1. Taking the conditions exactly as written (aliphatic (A, V, I, L, M), under 26 Å from the mean Cα position of the chain (by Cα) and at pLDDT 80 or above), does I29 satisfy them or not?
2. Scan segment 40-60 residue by residue and report those that are surrounded by 12 or more Cβ atoms within 10 Å (Cβ to Cβ) and within 30 Å of Q19 (Cα to Cα).
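The values are calculated or read from the model by the stated rules, or taken from the named source; none is laboratory data. If you're wondering where the values come from, they're calculated on a predicted model, not measured in any experiment. Cβ atoms come from the backbone with ideal geometry, glycine included; neighbour counts cover every protein chain shown.
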Amino acid sequence: GGGAGVLIYNANLKQQQLQIQLNDLNSQIEANTKKMSDLNSQLSSATTPEEKQKILDEKKALEDANRKLQDDLKNKGTGKPTYTGGPAIQAPQVHKVQCHMLDGTKVAACSPGDSLCSCD
């Protein structure tokens, strides 16, 4: 039925959403990198120790933010979409074959060539 099509569509949608998230992360990293170079130039022209400390604190915050973004990027960008929730892809239901020994004992399957076992 149409179930497989929906699952494929959902997987594609998840892949697209993941790509958007990756693009966002990359944009944030680029923005932080630009801010970092702005802070570096401010630092070189800072005159008071307080001003320098404030800039250094901002730089550290940016570095931490970038590290977290890089980690997110690594985790998301493994190329393997992580599926959360939703039904697993199920094989179509086929008529279950019942196997049993000649004495009537039910078994999961017969060994090939076992003449004492039969399936129906």
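1. For I29, the condition - aliphatic (A, V, I, L, M), under 26 Å from the mean Cα position of the chain (by Cα) and at pLDDT 80 or above - is met.
2. Step one: list which residues in segment 40-60 are surrounded by 12 or more Cβ atoms within 10 Å (Cβ to Cβ), which gives 42-43, 46, 51-52, 54-56, 58-59.
Of everything in segment 40-60, those that are surrounded by 12 or more Cβ atoms within 10 Å (Cβ to Cβ) and within 30 Å of Q19 (Cα to Cα) turn out to be E58, K59.
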